[in-house]
Every structure is written in C-alpha cells, then in structure tokens.
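Q: Let me give you the structure first, and then I'll get to my questions.
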Amino acid sequence: MRGDEERDQRPEVRGRSLSLQRSLIPKGLCPPAQGCEERATLGNRCSEIYNPNGVEAPSLEWSSTSVSRNPVGVDNSSVRLPRVARSSQPWALMPNPFGIDGPCGAKPGARQEAAFSLIELMVTVALLTLIVLGLLAMFTQTKRAFTSTMTQTDVLESGRAVMDMLARELEQMTPSQAPYLNKGTYLSTNFFAEIDPNFNKPLIQALPGATARRINVIQRFFFLTEANQVWTGTGYQVLRDDPSTGTAGKVGTLFRYSSPKPSRAEAARLSGDFRNAFGPNSALTNLNRIADGVVHLRLRPFATNGFPVTLAPQVSGPQFQLLPGPNPPLAGVRNTFAYWNINTYLNDQLDSYFLSNAVPAYLELELGILEPRILERYRSMAGNTQAQDEYLLNHVAQVHLFRQRIPIRNVDFAAYQ
C-alpha cells in the first residue's frame, strides 16, 4: 500500500507530469555498480539489456498535458535524446545533453551508397570543358598582349638609345673654317646629308583609315667635330639587309664610321674617306653596328631663326624665310649647297652640304625602326623583292618613328647674315 501511494505521488512540472517508477529493492541490499557488464550505447537504447543483479533502473517519462508558461527556460521536449551511460546505471535513461548517438539504433547491413548518374557526369564534364576553354583563350590573349608589350618596350628602348647617341654627337658639330679655293672647290666639308645611293626609292606605306601615305627615306650623313686639337670625322650609313635588291633597298642596318685626324689640313680628307668606306671595293673598316631594322633615317637642316633651309627660285642656293607668312622675305645661307631629290616624292627633301664656316643651326632627326618579329619575316623572303615590298606595305603599324630637334652649339652666325 505504501508503494502504491508513493507511485501515485507525481511531481508537477509547469504543465507536464513526471511519472517515476521506483523499483522494489529490499532494505539493506546495495547492488554493486561494478556488476554492470552491459555498456551503454551511443544512440537509442537497446531493446534488451543484460542485468545480472536484477536491478530495475527508474525510467523517466515526460508526458505533455498542457502548454503553460515556462519562466526558467527549461525545455521539456518529448524527443528522446541519445544517452551515454551504462545501461544498469540509474541515469542511463535520462536525456543526453551531449547529442552523441550510438550504433544501437542502426540496423546492421543498412548501408546507403550515393553516386552520380551518367547524365550528371556528362554535364559536369561539359561545364569543366567550357571553363577550361575560356581560361585557355584568356591566357592566350594575355600572353599575346604581354609579348606585344615587351616587343614595343624593347624597340622603344633601343630607338631612344640610338637617338640619344646621335643627338650627343651631332650637337658637337664644329665648322672647320677652311678657306674657299678657286674653281668652286672647298678644302673640307663640315656637314652633309644626302639620300643613300643604295636606297634611292622610298618606302611608301598607306596609313589605315586615311588617304595620306607615309614616305620613308634613308639618308647618309657626315659631320666634323673638334676636341683637343684633334679633328674627328663621324658618319652614319645604312647597309642593305638583302643585297639582291640592288639600289632599291627598303630595310637595313645602321653603321657608324669614325676616323680622327691630328690637324685641320688632314681633316679635309675625312668626308671622302667616309664615302669610300662604304664603296664597292671598301673593306668596311672603322665601322660599328648601331641598330637593325632601320626603314627611315632623315636629317633636315634649320636656320638660326628656326625656319627650315630650303630652295626657292628667288634666291640662288639654299635660303630660309625671315618672317612667317605666305610670301615671306628670304635670306640665303653662305658656303652652303643644296639639291632637290625628285626620287623621294617629298617636296622638302634636300641633299644639303655645309662647308667652310657654315653648319646648320638646328637639325631635325627622324628615325624609323621595324619591330624584330616583322624584320625576321622580311629577311626570310630574301630574293623575292615584290613579296618583301608588299609585306612592308601592310605593316605600317610595326614601324616605330622617333623625332628630335637638335641644337648645334658651335654655329657661326656669320653664315646666316
């Protein structure tokens, strides 16, 4: 009777009743805990528990009777949580706050295997193929742009280096002050620039999107310099890459000629030595290789007031205009000769020669260099002049043009009065 009364006394927990079933254990009997051989499982409780001592563990059952206010915030959920304990211990049936599930509820052999279908694999392969092709195209364009940028950088660096070297040497030009002799002859030539006889036909390239054309000409030039009573004759000339083109060359290599003389009288022969250095029977001595792929090399002389030296029928010999305007007055340049070159198709292209005390006050230097890749293909067509010309006509964008105006330090203003 006492056990039944105690069994009926259930504590009330905020809308839920907790039923406790207490086992009948004789007084004075304490079951040893070490006798529990069965281990608790991580998960649902096993259906059969081995209990050699016959100790019945209390089971806690939560039954929801009503929904009421819970100020403590304790969740009395009816969902049984996994348990971690020995099956014979009293707390084995209590809720498991750690959420560790064990293998007791798992059915042996119930292994689920997941795999992709053939259609899924084909779709995946197709998507990966598109991604790889897109990346490959991107990498190809990036490599092409990088190569083009590096090529332009190399050409620009080499072009600037050549322009700097030419500017430093040309600005040191010095008049020899050699006297004028009878029968129209002079002792020495201070400066001359003329169309190279090996490039007597210009390279004409059409500009894209315009009717104008760019005309590339190649000149050879020579000048005198003086340093510590030593006169040095320096000249630059372009040699053809393809000798089979004869006198109609289009691309060549720039060479530098230099020869010193200890006196002013011996300096008179330096311009002739420069001409003979590149002749048919010359040994090509005293030459230094400067740049490859030269398609344009031009020098234009300017007077002391900044106007170009040109020719006009009003004045015999080279002259320059004194004032700006459509019909300005003209003034001649002493000890200077100039000739039109009709083969260049340029109205302002002159072959100019400065002698005695005359040198240009300014020089405008133009240099055009072909990209190395285009130059290699041009050289591979050696022997076929027509194919070479057509190939260069379609690659005007691969010609890098440099231009600089160079002032002459040792100009004699008496030659322009």
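Q: If P175 meets every condition in (1) assigned to a loop (DSSP other than H, G, I, E, B); (2) free of Cβ contacts under 8 Å to residues at least 60 places away in the same chain apart from one, which number is that one?
A: Evaluating P175 over (1) assigned to a loop (DSSP other than H, G, I, E, B); (2) free of Cβ contacts under 8 Å to residues at least 60 places away in the same chain leaves (2) as the failure.
Q: For the range 302-417, which strands (runs of 3 or more DSSP E) that fit wholly inside it have 1 or more residues that are within 43 Å of the chain's Cα centre (by Cα)? Spell out how you get there, then give the answer.
A: Details: elements: 310-312, 315-321, 330-332, 336-340, 350-355, 362-370, 399-407.
Here the list reads 350-355, 362-370, 399-407.
Q: Still on this structure: Among the numbered criteria (1) part of a helix (DSSP H, G or I); (2) out of contact with any Pro (no Cβ under 9 Å at 6 or more places or on another chain); (3) of a type outside the set (F, W, Y), which single criterion is violated by V155?
A: Result: V155 fails condition (2) only.
Q: If A145 satisfies every condition in (1) surrounded by fewer than 12 Cβ atoms within 10 Å (Cβ to Cβ); (2) part of a loop (DSSP other than H, G, I, E, B); (3) not basic (K, R) but one, which is the exception?
A: Unmet for A145, out of (1) surrounded by fewer than 12 Cβ atoms within 10 Å (Cβ to Cβ); (2) part of a loop (DSSP other than H, G, I, E, B); (3) not basic (K, R): (2).
Q: Another question about this same structure. I'd like to know if the range 311-326 contains one or more residues that are β-branched (V, I, T) and buried (at least 22 other Cβ atoms within 10 Å of the Cβ).
A: So far as the range 311-326 goes, no, none of its residues is β-branched (V, I, T) and buried (at least 22 other Cβ atoms within 10 Å of the Cβ).
Q: Restricting the range 259-275 to residues that are touching a Gly at 6+ places or on another chain (Cβ under 6 Å) and either outside the structural domain of V230 (by TED's automatic domain parsing) or not in a strand (DSSP E or B) (or both), which is nearest to S176 (Cα to Cα)?
A: We begin by selecting, within the range 259-275, every residue touching a Gly at 6+ places or on another chain (Cβ under 6 Å); these are 259, 270, 274.
Cutting the leftovers down to either outside the structural domain of V230 (by TED's automatic domain parsing) or not in a strand (DSSP E or B) (or both) gives us 270, 274.
Working: L270: 12, F274: 17 Å.
In this case the residue turns out to be L270.
Q: Scan (1) surrounded by 14 or more Cβ atoms within 10 Å (Cβ to Cβ); (2) out of contact with any Leu (no Cβ under 7 Å at 6 or more places or on another chain); (3) modelled with pLDDT of 80 or more for the single condition L350 breaks and write down its number.
A: Failed condition: (2).
Q: Sticking with this structure for a sec: Among what's in the range 199-226 and is assigned to a strand (DSSP E or B) and modelled with pLDDT under 90, pick the residue that is farthest from V396 (Cα to Cα).
A: Once the filter is applied, the top-ranked residue is F199.
Q: Which residue, of V155, V132, V123, is in contact with a helix residue (DSSP H, G or I) (Cβ under 8 Å, 6 or more places away or on another chain), surrounded by 10 or more Cβ atoms within 10 Å (Cβ to Cβ) and either more than 30 Å from L297 (Cβ to Cβ) or modelled with pLDDT of 85 or more (or both)? Show your work before the answer.
A: Working: V132 fails: in contact with a helix residue (DSSP H, G or I) (Cβ under 8 Å, 6 or more places away or on another chain); V123 fails: in contact with a helix residue (DSSP H, G or I) (Cβ under 8 Å, 6 or more places away or on another chain).
It is V155.
The values are calculated or read from the model by the stated rules, or taken from the named source; none is laboratory data. No experiment lies behind these values; they were computed from the predicted model shown. For neighbour counting, all protein chains shown are included, and Cβ atoms are generated from backbone atoms with ideal geometry for every residue, glycine included.
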